[in-house]
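Any read-out appearing in this document is the output of simple, stated calculations on the displayed coordinates, not a laboratory observation. This structure is a prediction, so every number in the text was calculated from the model and none was measured. Here the Cβ positions follow ideal geometry from the backbone for every residue, glycine too, while neighbour counts run over all protein chains shown.
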Amino acid sequence: MSKIIRSAAMLVVCAAILPAAGCARNKAKGDTAYVARDVNTLYALAKRSMDQGRYEESAKMFDEVERQHPYSVWARRAQLMSSFSYYLAKKYPDAVSSARRFLTIHPGNKEAPYAHYLVAMSFYQQIADVTRDQGITQQAADAFGELVRRYPESRYAADARLKLDLINDHLAGKEMEVGRFYQRSANWLAAVSRFREVVDKYQTSSHTPEALERLVECYLALGIPLEARKAAVVLGANYPGSPWYNRAYRLIYFKEPKGIRS
């Protein structure tokens, strides 16, 4: 969050040099935020709204800067400030839309990494708990992944990598939740598929030891102890002190008198 605010501050500081006065005709009766104004007035009003915490109003005023003065030097800055204001207002779909519009029009701009970061963070803030659909979570992972691939040395890359680790752990948690459901329902093959997904795709997540142990349980239930032993060996090699390994060992020991074999 601090990275987003610092970058936004760099964009708004230029507005301090803008004159606050607008055209006299805009002070007529019936004047609204959508009445034509000069670019200086619009940008100053948008910045003032943001400074006062009226973020959605600020975003719409920045949109007006772009709409009324698309060829102004301030239009490009306004696009990003619109996205940032929508983000602060928790209007995340609008924040994504504004940032992506900026990237479409200015793909090589020096602020492109920041726009990508706004997109990713907007998805990240919408991540639901593991009992819900994880479509948004995957979109956040994809957005952070794109940021890291395109701008690995940017100021946002380190935070993006950290967020990716957290997201992958979350996605692994969803697979585990579904896998446990199938296991409780004695749908062993479906459970194996979910637990294998965790082991193969999210192997660095905190859920991997449990996934391996539950593979042992499922393989034993399916009557294929050789696969159960393989899963237990991998568990023991990578997490020898884990309670999940101790549990797997006991299962294998009672099934196989000689214990776990490689």
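The table below lists the values:
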read-out	value
Protection-proxy order for peptides 139-149, 117-127, each taking the mean of Cβ atoms within 10 Å per residue, highest first	117-127, 139-149
Rg over Rh, two decimals, region 105-262 (C-alpha only, Kirkwood Rh)	1.12
Too-long pairs where the Cα-Cα distance tops 27 Å, listed order kept, from K90/K110; K163/K230; K174/K230	K163/K230
With eigenvalues of the C-alpha gyration tensor scaled by 5 and rooted, region 57-188, Å	35, 16, 10
Mean Cβ count within 10 Å, highest first, over the residues of peptides 65-72, 176-183	176-183, 65-72
H116, H170 arranged by Cβ crowding within 10 Å, fewest neighbours leading	H170, H116
Neighbour-count ranking [beta-carbon atoms within 10 angstrom, fewest first] of E217, E210	E217, E210
